[in-house]
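The values are calculated or read from the model by the stated rules, or taken from the named source; none is laboratory data. Treat the numbers as computed from the prediction; the structure is a model and nothing was measured. Because the Cβ atoms are built from the backbone with ideal geometry, glycine has one as well, and the counts that use them run over all protein chains shown.
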Amino acid sequence: MKLAVLAFPDQRPLTPTTAIGRAVSKLAGVGRFKRNARTSEYMKSLAAEHLGPECEFVDAGPGLPERVARASEIVLLWPDGNGYGWLPVERAVLGAARGASRVFVLNGRRRYFELTPPVLRAFRARRVLARFWIGEIIIASALLLISPGLVAWDWARGRR
């Protein structure tokens, strides 16, 4: 039996009361926009198209480990590209999956692959980069450090 697990873990609305809370809430909204997560209807139709009609859908919740233990193939339906917010669901699924069960991922970008420990480690590293905006911080810092030198170079060559 194929079991498709569907969850949208990062859709909790934030209710900020301070200026810092509002800023964090806005950054979280930008992060959600940047991930471009698909809707649940889109993910269900994508799974039905890719996995076939024998696939059973289940929402991640309290009864998930029991249902995963009975499945021969588990497919995690990540609505975004790297499964942001899926760490608790992955732990529950991988902990409950038996040795004969294989765990796959179908993400919102139509990529289908087996979730092995090395692949999962790589995605967790990408999630850290995405969550803490490490790439954006490095590029912005480099631009701030290089800009005065470029302005001075242009000034010395007579360009304004």
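Please specify each residue of region 3-25 satisfying the condition of being assigned to a loop (DSSP other than H, G, I, E, B), under 16 Å from residue 80 (Cβ atoms) and at pLDDT 80 or above. Correct list: 7 only. Could you check, for region 127-145, whether at least one of its residues is farther than 30 Å from residue 99 by Cα, in contact (Cβ under 8 Å) with a residue 12 or more places away in the chain, part of a helix (DSSP H, G or I) and of a type in the set (D, E, K, R)? There is at least one residue in region 127-145 that is farther than 30 Å from residue 99 by Cα, in contact (Cβ under 8 Å) with a residue 12 or more places away in the chain, part of a helix (DSSP H, G or I) and of a type in the set (D, E, K, R). Being free of Cβ contacts under 8 Å to residues at least 60 places away in the same chain, assigned to a helix (DSSP H, G or I), over 26 Å from residue 117 (Cα atoms) and acidic (Asp, Glu) holds for only one residue in 49, 90, and it is 49.
Cβ-Cβ distances below 8 Å connect the following pairs, each with a first residue in region 8-26 that is surrounded by 13 or more Cβ atoms within 10 Å (Cβ to Cβ), a second residue that is among the hydrophobic types (A, V, I, L, M, F, W, C) and at pLDDT 85 or above, and a separation of six or more residues or different chains: 8/37; 9/60; 9/86; 9/89; 10/37.
Residues that are part of a loop (DSSP other than H, G, I, E, B) and surrounded by fewer than 17 Cβ atoms within 10 Å (Cβ to Cβ) within region 109-126 comprise 109, 110, 111, 116, listed in sequence order.
Residue 106 - would you say it is touching a residue at least 24 places away in the same chain (Cβ under 8 Å) and either surrounded by 16 or more Cβ atoms within 10 Å (Cβ to Cβ) or on the phi > 0 side of the Ramachandran plot (or both)? Judged against the criteria, residue 106 is a match. Selection within region 60-87: residues that are within 14 Å of residue 50 (Cβ to Cβ) and in contact (Cβ under 8 Å) with a residue 60 or more places away in the chain. The member of this set that is surrounded by the most Cβ atoms within 10 Å (Cβ to Cβ) is 77.
Would a scan of region 77-86 turn up a residue that is within 12 Å of the chain's Cα centre (by Cα) and outside any loop (DSSP other than H, G, I, E, B)?
There is at least one residue in region 77-86 that is within 12 Å of the chain's Cα centre (by Cα) and outside any loop (DSSP other than H, G, I, E, B).
Residue check: residue 62 meets all listed conditions (1) assigned to a helix (DSSP H, G or I); (2) out of contact with any strand residue (DSSP E or B) (no Cβ under 8 Å at 6 or more places or on another chain); (3) farther than 30 Å from residue 135 by Cα; (4) not β-branched (Val, Ile, Thr) but one, namely (1). Residues of region 29-38 include none that is surrounded by 13 or more Cβ atoms within 10 Å (Cβ to Cβ), outside any loop (DSSP other than H, G, I, E, B) and hydrophobic (A, V, I, L, M, F, W, C).
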